[in-house]
Amino acid sequence: SNFILANAQGRCGFPIVYCSDGFCDLTGFARTEVMQKNCSCRFLCGAETSEPILQSIEKALDSRQEYQTEVCFYKKGGAAFWCLLDIMPIKNEKGEVVLFLFSFKDITESRGRSYPGDKKEEKQRNEKQRSKKPGNSHLRAARRQGRTMLHQFSNQFVRRDRGEMKINRNVFENKPSIPEYKVASVQKSRFILLHYSIFKALWDWLILLATFYVAITVPYNVCFTGTEDSLSAARSTIVSDIAVEMLFILDIILNFRTTYVSQSGQVVYDPRSICIHYVATWFFVDLIAALPFDLLYIFNVTVTSLVHLLKTVRLLRLLRLLQKLDRYSQYSAMVLTLLMSMFALLAHWMACIWYVIGRKELESNDPRTWDIGWLHELGKRLEAPYINNSVGGPSIRSAYIASLYFTLSSLTSVGFGNVCANTDTEKIFSICTMLIGALMHAVVFGNVTAIIQRMYSRRSLYHTRMKDLKDFIRVHHLPQQLKQRMLEYFQTTWSVNNGIDANELLHDFPDELRADVAMHLNKDILQLPIFETASRGCLRSLSLHIKTSFCAPGEYLLRQGDALQANYFVCSGSLEVLKDNVVLAILGKGDLIGADLCRTDQVIKTNADVKALTYCDLQHIGLRGLCEVLQLYPEYASKFTADIHQDLTFNLREGSEME
């Protein structure tokens, strides 16, 4: 909507306290050029503007009455336009008129060209409009439109995006850290794969899953496929096994064409250097792991247990998992998942060994031990006993589940006794399992505890600070209203910055880096037209003096008569400028408030109160720091002093209203 709000309680005229973006777009005036001007719209007049209509507007304002007319105004560039002007007084709860709402509707296209020479028709039209009664349909429609705009305006003030602002964009471009000839694109072959590319990252995770598959299936096949019945089960996984072998072979080929980082920290693109580096590091491990043992099934070659034992060398690829842990150590959830996977994998391996021990006890000819082993006891409980030391017994599935149950209960606790060690060999293995379980508790679960604490460290810090704040309020017996304000401010600031103090965080960084970070954080205020002609060095110095503050609804940012310490830029939210409970201005996103003078030996007193209407995010630059920077850049100081008053949405310096 194209509208302005004017203060109806002004002592001299009716100054504009708010203008919408639509009005600025319609007239071509910037917001800072419209604020505090008289709402009689004399600044929009031109050669074809009717003086009787202007007098009628002023008369309606003096009498606090509604008024509607068609009038010819002029834009800032001098172009004329016709608009339907609606004036509506706004009353407070006491019935006093406190604001005027001016609504402007562009009717140039519907009206067509006006004929300035036809004064008679224009006079008749003006007399007809002045003779309209307040209750006619036009005014009722205008009143409804005004109330709708006021309702929207009261719920959420118009946010504006200063599209008209211009800035030297080169100031905010990323400055190269080294000369251009050193950062030129590297000439590399199109068949070279970057080790940090997205494809390589996804491929590494696929290989990691294949490695886990090998770590699960190889020990299982070695330990549980010694009988003819289980041979068919081994053949059932032939397709997946061959697919994994093909992945490993393809991974070797890709590693011969993948870049790496040398000890000096440079990325190596040379194919010959890549091949030498890979052969000297992981090639032989990957080659042994990729030997296609499972192709023997295709050619109907008898697979003995020796072949299965040779396949255990594939477990060497798990050494690559150490690289993953180091690379993803900063991601708590990822490290937690890998650690728990390793724990489950260890339990699986020990379950396979536990089953082998039980089989060996059965197959031994020692009459004292063959019938007391855990596997023999399991067969009797399941009513599937072993006959002649090897025939019969529980199924492979039941035996594996019982083995895994025993190892997990031994690793995590002391077991429950329903599956227990009876022979000497089983007892020795059980002791080793308990020792390994104690070590795993220290390594895995200790890291898990630290990771979980790190994940919730920020929440713990929030509760600690909140408790300290409540204890402070309780000890000093603060009143309920003040207590509520403190709690709301703390919760609001925490939700914005998550308890991170940017100044403290950047304190130990070099000035060059801090200045670049500060320019990025404060780019909104540095893109104001007042800083357009400032050099990059000046902007970097200014950015180090810019701070962030917050204001809750109903809180006063400044009080009348306070010493002004900074100029404020509204990043989000809405504020109002008050003097003697009279609204002088309504501020929104992108507005700049403060003073137009900047001398270190002068104390500037504020001429009004500034009160937050909503939650406000503000950036402010201290006047003392501003003066210090301007003294370092005198060529820009004169330009700043001359132009600052044009960029201030409202001048808070005491005495500026008289000027």
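The values are calculated or read from the model by the stated rules, or taken from the named source; none is laboratory data. Only a predicted model underlies this, so the values are computations on that prediction, with no experimental measurement involved. Here the Cβ is made from the backbone with ideal geometry for all residues, glycine too, and neighbour counts use every protein chain on show. In case anyone asks, the SASA skips ligands and DNA or RNA and just uses the protein heavy atoms, side chains included. Shrake-Rupley method; radii C 1.70, N 1.55, O 1.52, S 1.80 Å.
Couple of notes before you dig in:
- Couplings 3J(HN,Hα) for the stretch 275-290, derived from phi with the Karplus relation 6.51 cos²θ - 1.76 cosθ + 1.60 (θ = phi - 60°), are 5, 5, 5, 5, 5, 7, 10, 10, 5, 5, 4, 5, 5, 5, 5, 9 Hz, where x marks Gly and Pro.
- In Å², nearest 10: area of Leu482 left accessible to a 1.4 Å probe: 70 Å²
- Probe 1.4 Å, all protein chains present, accessible-area order of Ser341, Ser460, largest first: Ser460, Ser341
- When Phe490, Phe509 are compared by accessible area of protein heavy atoms, the largest-first order is Phe509, Phe490, using a 1.4 Å probe.
- Rolling a 1.4 Å probe over the protein heavy atoms leaves Arg257 with an accessible area of roughly 80 Å².
- Whole-number accessible area per residue in Å² for the stretch 331-451, which is evaluated in the context of all protein chains at 1.4 Å: 51 Å²
- Given charges at beta-carbon only (K, R positive; D, E negative), |dipole| of the stretch 502-651 in Debye: 140 debye
- In the complete set of protein chains, residue-level accessible area for Lys427 is approximately 100 Å², probe 1.4 angstrom.
- In terms of accessible area, using a 1.4 Å probe and ignoring ligands and nucleic acids, Thr412, Thr69 rank largest first as Thr412, Thr69.
- Kirkwood Rh and Cα Rg combined as Rg over Rh, evaluated for the stretch 502-651: 0.96
- Sparse packing (at most 11 other Cβ atoms within 10 Å of the Cβ) combined with a DSSP loop state is found for the following trypsin sites (Lys or Arg not before Pro) in the stretch 356-409: Arg368.
- Solvent-accessible area per residue for the stretch 502-651 (1.4 angstrom probe, square angstrom): 45 Å²
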